[in-house]
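The values are calculated or read from the model by the stated rules, or taken from the named source; none is laboratory data. Only a predicted model underlies this, so the values are computations on that prediction, with no experimental measurement involved. Neighbour counts run over all protein chains shown; Cβ positions are idealised from the backbone, glycine included.
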Amino acid sequence: MAKEKKANNKQEQNEVLEAEKQTATEEAVAEKEQENEQEQELSAEEKLAIELDEAKDKYLRLYSEFENFRRRSAKERIELISTASSDLIKELLPTIDDFERAKKANENQEDVAVLKEGFDLISSKLFKALESKGLKVMETEKGTDFDADLHEAVTQFPVEDESLKGKIIDTVEKGYYLGDKVIRFAKVVIGA
């Protein structure tokens, strides 16, 4: 029995030692897990800080690229505007040359019919050059309805014919379209 008691005591001691070892191991594992969690939290914070730095860098680069694009676009737009009329001017230069030749020829010319014909030719050449660039004359015939989107009323005159009231009775200045856009309103007289 004494041997059995000793064996039981040894067994109990072994069990207690085993339990203590297991508890110590569990505590060590728990501490290790807690350290890992803290490292992961720090890692997450560090990861967020790195991501934030990358996002800031990306933002700054994108902002710089946009600023460069904006400056380049503004410069190109200014150049385009300054040279936009060069095609039209090139087309008008021969007409200007014609006017200069006509002035020289007219100094000694006494035939009015020849002068009129020369100026008609130059005028038609000028208008053809402008038409090739999209210029169109606005039709404002007598009796046409007044349209505030196309016409500018200069004055009103009383009319005897009732059908002309509120309608165009005379055109003071022609109106013009460039493409489909009105670039100059027709100045008209309206019947009252």
Would the stretch 144-155 turn up any residue that is over 30 Å from the mean Cα position of the chain (by Cα), polar (S, T, N, Q) and modelled with pLDDT under 85?
yes
Being among the aliphatic types (A, V, I, L, M), surrounded by fewer than 10 Cβ atoms within 10 Å (Cβ to Cβ) and in a helix (DSSP H, G or I) narrows it down to one residue among 81, 50; which is it?
81
Where the second residue is acidic (Asp, Glu) and the first is under 14 Å from residue 187 (Cα atoms) and lies in the stretch 151-177, which pairs have Cβ atoms under 7 Å and are six or more apart or on separate chains?
167/145
Which residue, of 183, 168, 190, is closer than 30 Å to residue 90 by Cβ, modelled with pLDDT of 85 or more and part of a strand (DSSP E or B)?
183
Taking the conditions exactly as written (surrounded by 10 or more Cβ atoms within 10 Å (Cβ to Cβ) and among the small types (Gly, Ala, Ser)), does residue 113 satisfy them or not?
no
